[in-house]
Each structure stands twice: as structure tokens, then as C-alpha cells.
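Below is one structure; the comments refer to it alone.
The values are calculated or read from the model by the stated rules, or taken from the named source; none is laboratory data. These numbers were taken from a predicted model, which means no experiment stands behind them. We place every Cβ from the backbone using ideal geometry, glycine too, and count neighbours over all the protein chains shown.
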């Protein structure tokens, strides 16, 4: 059917032309961009995945840049540390040479001075963009610092649940620092200025009754109207009042004890007899015959520890005499021996104040009354808790005794402070007894968990002085050398890790690019062939449309 109002052939040809033009436009866009999926409308799923992965690739690229920066910092630190190792090797060899007989130590010291200055120059110059792993600015000694953390970015990670994170490689600058402002670096001493000076603990053991020696210089005569009076106090102690006996020595007692009638006391042997009779007459459990000494000028008196009181002591008090010269037979003065309430004890001297370092642990052993040996430990937290402070500062002997008592709580240890001396005893509230009843008691010397500490800086080495021997310096330099080698090893391992991660990042970016390409890249061979085909189809569609329009023109000619 032919119509002059509706040209069906032209409409069909026009529709074909529009379809071909649309396909041609899409193909031309694919060819020009190289992308099969360029916008979300092309393929929403593939576009979403590729866009996310491009974002991740950009993040990985940034991490790779950061890895390059981190690698530069670590490599500079590693190179400088190996240079320090070489310097310490040289210093060590010079110290060995300095032990040779007849060597000129001043000349060797000159070489060492140059090496020390070179070490400082290397440490100061080991920075990259202002970052120096070998020179730190911590105000306090690194001994008092748990960690001094730094880090380099090592990876960008997307987990299975879609969360993203940046991983970091940690560097503890406490192990790499050669020189620190507050001290404690590898080339610096490990001793803080007020490090504790722990004196040996002297232990003295007594296991006999309380007694004392007296000296008598005779003769002395007691007349019929003369006497000596005094109070005999037995077994008085901090835990007991003891028992007091009122004593009188007169002519009758003297003659009765000596079997004489003239009241004359010739020597110390006579005094022993007189005192023993006085003790016996009063019912006092004491003896004037403890010592086997037969000296005619010295005698010894002792308690028999039979009063029932917790104590082992003997005292002569309230002495009075109406003898010529006021003689009291020497009871008013003791010789070198005067032992009352004896018990096992230990003592140590507190020589100076100190601040407890973070890493230091002081310990000692305690054994009481044959029990098991118990270890007491003191660290920085113990000091702070015992004294109610935060800076772990021990100023006085009383402070240190307080700390020790706090650490040894429950063991049965008792401490007393006498000036700068700290005395150690078994606590009488837990282990009562004096003299023959005193418990066996032992306290070891204080020790620390740091058996050896570096006590000088590299800069302080001076073999021409007397503060340390060449052997001391050699041991110290060897210690610095081993720590430097360990630091170089750690930095080298970290450098290797960073370079491996950077290489992995490069491979990962290439793999992501390839994966994105598989999703969205166009096949250019196919696209170019399709483009040519669509261009030909477009030409044919245009010709078809032209022919369809020409048919209507022919019909119109019939009406002219």
C-alpha cells in the first residue's frame, strides 16, 4: 500500500539509522577511551568494582611512596650504625695496644679522641628529612623509658569484610639511639647519677643469755654499818618489763659468802661469791659464774632466763653506797662486753639517695627460724607504692627501710633505722625470743637483675687517667660494640622488610591494574572491526532512508 501521508519505508529506514547511530556512538566512545565499561550505565557492577579497586590502587601507590621515605630513613640509620661499628672496632684495637708494656698512652689517647669526635659527627649527621634514629631527645635516661616508639608505613590492607587499614612497622628508638639528651644511649653509660649503692649486709648471730663484764679493783672493806644497795633487773626487753629484785650487800653478807669476819673484799673472785650469795638469797635467777675467766680484776654476771619473761638481760640500777669513796664493787661500769636481749641481726649502710630505674629489680633472700628461704623483690612500683609517691625517689635510710618492710610484708622481718644504718631483725611479734631463745635468722646481701652496667660514655674514655683501667674501658667498648652490632642487625632486617614490601606493592599495583582491565577494558580489535561495520551500516541506512523518501516523490509526480 502506498500512502502520501505515512511513509512506512522511511520510518523503518529512519529507525534503523537511529539504532546504527547509537551503536556507532557507543563504539566510537569505547575506541576513544579504550574502556568497555566507562560509566555506571555501561555495567553498574563492573563499574563499582573497578572504581573501588582504582581507589585502593591509589592508596597502595601512596603507601609505596611512604615506604620509599621510610626506607630512606632506615637505610641512613643502618649505614651510620655500621660506621659506628667500624669506629668501635678501631677504638677496641687501640685499647688492646694500650696494654702493651712501654706504649705511649698519650699518643693512643690522641687517636681515640679523634675517633670519639668522628662518632659524634656520624651520629649527628645520620638524619633524613630531619629524622634521626641514632640521636634522640628524650629528657630522661633511656633506662627509665619502657619504649621510644617510631614507625614507618608498611602496607594498605582491605579485609574480607571491606574494612580498610594502614599497617605500620614499629621501631623502638631505645634500641637504636647512640646518643640521647638524657643519657642511656648505646654510646652512653647505663648508670643513672644516683643509682643505688647497695652495701653488703653484715650478719651477727648470738645464741646465749644476756650478760655483762665488770671490773673490780680491790681490796674494799665493808664496815658493820656500811652497805651497797641496788636493783637487779632481769629479762627486761621491749616486749617485757622483766622482774626487779632489791639487793643489799653488807658486812654480814660479805663474811657469809667469803667465810671471813673482817668484811674485806680482795679481788673479783670474791665479788663473784658475794654477788652469787646475794642473787641466791633474793631468789633471783642470775649467775656470777658465767665466764671461766679467773682474772682477779674482772667478773661476769648473767641472767639464767628463768623469770618467765620474754627477754634475756641483766641490769644494775639505782646503785647506792655508803662505803668510803662510794664503791659499788664495779657494778656501775661495764667492760667491753655488755650483751642484753641478744638476737640475730643484720645491718647495712644507706650511703646516698637514689631514683629507682624502670628496669631495675633489687632482691634479697630471707630465712627465719629454719623455715624456707623467701625472696623479696623491689622494683619501681614497689618504691612508689611503699612511699606513696610517683617519682620512685628514695631520699633517706628511713625511706629505704620503709620500702624494704613493704616488700617483705608477712615474712616476719623487722627493721630499725639508726642514722644511716638500717638494722634487720626477726620480728618479735612473729618470732619471739632473745638470747638462747632467739630464732635463727638470715638475710642475704642485696643484688640486682643487672649484674653489670656500663659506667662511662664513649666520650669519657681516657686511658691516661685513673678513674678506670684500660681493661675496664676495653670491656665497656666491647659492650657498646655488641649493642651497636645488634642495632645494625635490627635496622638491616627492617630495611629488608621495607624493600620487600615496596616490591610487593609494585607487583600488587600491576596485578590490580590487570584485574581492572579484565573487567572494563575494551577489546580494541573487536571494537575497531565493529566500528567499521557500523560506519558501513550507517551509510547503508542513510541510502535506504533516501530511497524510501524518493518513492513518495514519485507518487507526487502523478498529481502534477
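What to note about this one:
- Subset of the range 383-426 (residues that are surrounded by fewer than 16 Cβ atoms within 10 Å (Cβ to Cβ) and either more than 26 Å from the chain's Cα centre (by Cα) or farther than 21 Å from residue 197 by Cβ (or both)): 385, 388, 390, 409, 410, 416, 418, 419, 420, 421, 423
- From the options 368, 378, 411, 362, residue that is under 30 Å from residue 290 (Cβ atoms), touching a strand residue (DSSP E or B) at 6+ places or on another chain (Cβ under 6 Å) and not assigned by TED's automatic domain parsing to the domain that holds residue 236: 368
- Among the conditions (1) within 17 Å of residue 477 (Cα to Cα); (2) not in a helix (DSSP H, G or I), the only one that residue 100 does not satisfy is (1).
- Every test in (1) touching a helix residue (DSSP H, G or I) at 6+ places or on another chain (Cβ under 7 Å); (2) farther than 18 Å from residue 235 by Cα; (3) part of a loop (DSSP other than H, G, I, E, B) is passed by residue 376 save one, and that test is (3).
- Only a single criterion out of (1) modelled with pLDDT of 95 or more; (2) assigned to a helix (DSSP H, G or I) is not satisfied by residue 246, namely (2).
- Subset tally (residues that are touching a helix residue (DSSP H, G or I) at 6+ places or on another chain (Cβ under 6 Å) and buried (at least 21 other Cβ atoms within 10 Å of the Cβ)) for the range 208-240: 4
- Of the listed requirements (1) in contact with a strand residue (DSSP E or B) (Cβ under 7 Å, 6 or more places away or on another chain); (2) under 30 Å from residue 142 (Cα atoms); (3) at pLDDT below 85, residue 521 misses just one: (2).
- Close pairs from the range 489-501: first at pLDDT 80 or above, partner surrounded by 16 or more Cβ atoms within 10 Å (Cβ to Cβ) and part of a helix (DSSP H, G or I), Cβ under 8 Å, at least 6 apart: 491/74; 491/77; 491/78; 491/81; 492/78; 494/74
- Residues within the range 183-207 that are in a loop (DSSP other than H, G, I, E, B), in contact with a strand residue (DSSP E or B) (Cβ under 8 Å, 6 or more places away or on another chain) and surrounded by fewer than 17 Cβ atoms within 10 Å (Cβ to Cβ), tallied: 5
- Residue 230 satisfies every condition listed in (1) modelled with pLDDT of 95 or more; (2) within 60 Å of the chain's Cα centre (by Cα) except (2).
- Qualifying residue in the range 427-449 (condition: closer than 29 Å to residue 115 by Cβ, at pLDDT below 90, in a loop (DSSP other than H, G, I, E, B) and under 30 Å from the mean Cα position of the chain (by Cα)): no
- Taken together, the residues in the range 248-282 that are touching a strand residue (DSSP E or B) at 6+ places or on another chain (Cβ under 6 Å) and either outside the structural domain of residue 217 (by TED's automatic domain parsing) or farther than 21 Å from residue 231 by Cβ (or both) amount to 3.
- Each residue in the range 447-462 was checked for being surrounded by 20 or more Cβ atoms within 10 Å (Cβ to Cβ) and over 30 Å from residue 96 (Cα atoms), and 0 of them qualify.
- Among the residues of the range 294-348, those identified as outside any strand (DSSP E or B), loosely packed, with under 14 Cβ neighbours inside 10 Å and under 58 Å from the mean Cα position of the chain (by Cα) are 306, 308, 332, 333.
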